[in-house]
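Notes for the one structure printed next.
The values are calculated or read from the model by the stated rules, or taken from the named source; none is laboratory data. The structure presented is a predicted model; accordingly, all values stated were derived computationally and were not measured. We place every Cβ from the backbone using ideal geometry, glycine too, and count neighbours over all the protein chains shown.
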Amino acid sequence: MKKYKKIRNNHAPKNSGGERISVLDTSVIIEKVASRLIKQDKLSGKIIIPNAALAELEHQANFNQETGFIGLDELSDLHELARQEKIILEFQGPRPEAGQIKHAKLGEIDAIVRDLAQKNSAELITADFVQAKSAESLGISVHFIKIKKQRKALEIEKFFGKDTMSVHLKEDSLPYGKCGAPGTWHLAKLGEKTLPRDTLQRFSKEIVEKARMTENAFVEISKPGLTIVQYGEYRIVIVKPPISDGIEITAVRPIKKFAISHYSLDEPIMKRFEKARGIIIAGEPGSGKSTFAQALAEFYSDLGKIVKTVESPRDLQLPPNITQYSKNFASSSDIHDILFLSRPDYVIFDEMRR
């Protein structure tokens, strides 16, 4: 069950009839907070959905982004609650222009939502801290909800056995998995029934929804037709049309973690590791490159060296003293500047390009 921590809740505005008025922004719709609070009798009165938020969700759904579908499902749930007369549901405000949707992350949609709350003298309910602070600075009554993150099992975890390295799911195909250990794995069927499209859609929706409310989980990449999630130890890639010819989910779990001593390397090689620079780790998929890179990173860290990684996505399982930078949240120039100024002794790159 989701748990919510209420950080700020000013006195909720009411109309002349004593009815509570609330405006929901996109963040709280995607988190599916409102429907749960209504069912718990913690939210009532008039609920206003900004047309700008609806347009943003439609845009995301049209580009096969899971957050869009999650948000639209929440709006359907709110319609049902309105039908049961638990709330009054209204859609208000202008629809944003294409450029405003494109720049939603820069605050364009949030500004429209704040204006709507101010116009209606309503309480703004949000799960976005910056939105809450911005609205508060304008004198808008704010109900900011911080979501407590708890680890929840995913449905796709049922495909993982003790020695399963990765699971490969595609619509209208049998589920397969790579089982064994790096370098000695085999491909195995994980079921006798093909997976229909709606099952893959359910899996992908659950992955993104739980990643947003689970500790040690996050959506690293969310683009039209592509979502990459780090969910605890699982690296999950969700691909949809038009990028692929059908919905496909690949989940990878590291099942082995070795120290450098496991590889029984000759003493001259170990000495070279201590002094050398410019090491290239090469091999076919599943041969153990990442496992060896992890061992090498910890080896240098244990020598008292400053070690950092540059990854996309960040999927190496490393201790907290090794910083992992993501190429998805900073430009190559930014990461170059960070590395130049922080002066690490060793940097591990996940790939080499141009």
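Look through K170, K158, K152, K223 and report the one residue that is under 22 Å from D315 (Cβ atoms) and free of Cβ contacts under 8 Å to residues at least 40 places away in the same chain.
K158
For residues that are surrounded by fewer than 16 Cβ atoms within 10 Å (Cβ to Cβ) and among the basic types (K, R), tally how many sit in the range 85-104.
2
Can we say S312 is surrounded by 18 or more Cβ atoms within 10 Å (Cβ to Cβ) and small (G, A, S)?
In short, no.
Here is a list: A132, A153. Which entry is among the small types (G, A, S), part of a loop (DSSP other than H, G, I, E, B) and either under 22 Å from I228 (Cα atoms) or touching a Phe, Trp or Tyr at 6+ places or on another chain (Cβ under 8 Å) (or both)?
Among A132, A153, only A153 is among the small types (G, A, S), part of a loop (DSSP other than H, G, I, E, B) and either under 22 Å from I228 (Cα atoms) or touching a Phe, Trp or Tyr at 6+ places or on another chain (Cβ under 8 Å) (or both).
State whether one or more residues within the range 59-77 are more than 22 Å from the chain's Cα centre (by Cα), of a type in the set (V, I, T) and over 13 Å from I145 (Cβ atoms).
Within the range 59-77 (the criterion being more than 22 Å from the chain's Cα centre (by Cα), of a type in the set (V, I, T) and over 13 Å from I145 (Cβ atoms)), the answer is no, since none of the residues qualifies.
I need a count of the residues in the range 156-182 that are in a loop (DSSP other than H, G, I, E, B), among the aliphatic types (A, V, I, L, M) and farther than 18 Å from D198 by Cα.
Residues that pass the stated criteria total 1.
How many residues does the range 1-31 hold that are under 26 Å from the mean Cα position of the chain (by Cα), at pLDDT below 90, part of a loop (DSSP other than H, G, I, E, B) and surrounded by 13 or more Cβ atoms within 10 Å (Cβ to Cβ)?
2
Considering only the range 242-255, state which residues are surrounded by fewer than 13 Cβ atoms within 10 Å (Cβ to Cβ) and in contact (Cβ under 8 Å) with a residue 12 or more places away in the chain.
Listed by number, the residues that qualify are P242, I243.
For the condition under 22 Å from the mean Cα position of the chain (by Cα) and more than 20 Å from A211 (Cα to Cα), what is the one hit in V130, V113, V142, V167?
Step by step, each of V130, V113, V142, V167 is checked, and only V130 is under 22 Å from the mean Cα position of the chain (by Cα) and more than 20 Å from A211 (Cα to Cα).
Please verify whether the range 270-287 includes one or more residues that are surrounded by 14 or more Cβ atoms within 10 Å (Cβ to Cβ), outside the structural domain of N62 (by the TED database), modelled with pLDDT under 90 and in contact with a Gly (Cβ under 6 Å, 6 or more places away or on another chain).
Yes, there is a match, as at least one residue in the range 270-287 is surrounded by 14 or more Cβ atoms within 10 Å (Cβ to Cβ), outside the structural domain of N62 (by the TED database), modelled with pLDDT under 90 and in contact with a Gly (Cβ under 6 Å, 6 or more places away or on another chain).
Going through the range 277-308 one residue at a time, which ones are assigned to a loop (DSSP other than H, G, I, E, B), among the aliphatic types (A, V, I, L, M) and out of contact with any Pro (no Cβ under 7 Å at 6 or more places or on another chain)?
If the condition is that a residue be assigned to a loop (DSSP other than H, G, I, E, B), among the aliphatic types (A, V, I, L, M) and out of contact with any Pro (no Cβ under 7 Å at 6 or more places or on another chain), then I279, I280, I281, A282, L303 are the ones that fit.
Check F218, F203 and return the single one that is outside any helix (DSSP H, G or I) and in contact with a helix residue (DSSP H, G or I) (Cβ under 9 Å, 6 or more places away or on another chain).
F218
Pick from the range 39-57 the residues that are buried (at least 20 other Cβ atoms within 10 Å of the Cβ) and among the aliphatic types (A, V, I, L, M): which of them is nearest to the chain's Cα centre (by Cα)?
Going through the qualifying residues, I end up with L57.
Out of curiosity, is Q118 modelled with pLDDT under 90 and either touching a Lys or Arg at 6+ places or on another chain (Cβ under 6 Å) or assigned to a helix (DSSP H, G or I) (or both)?
no
Where residues in the range 240-287 are more than 30 Å from E66 (Cα to Cα) and acidic (D, E), which of them is nearest to the chain's Cα centre (by Cα)?
This residue is E284.
A quick yes/no check of all residues on (1) more than 22 Å from S35 (Cβ to Cβ); (2) surrounded by 18 or more Cβ atoms within 10 Å (Cβ to Cβ):
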| position | (1), (2) |
| --- | --- |
| N64 | yes, yes |
| T67 | no, yes |
| H79 | no, no |
| R83 | no, no |
| D110 | no, yes |
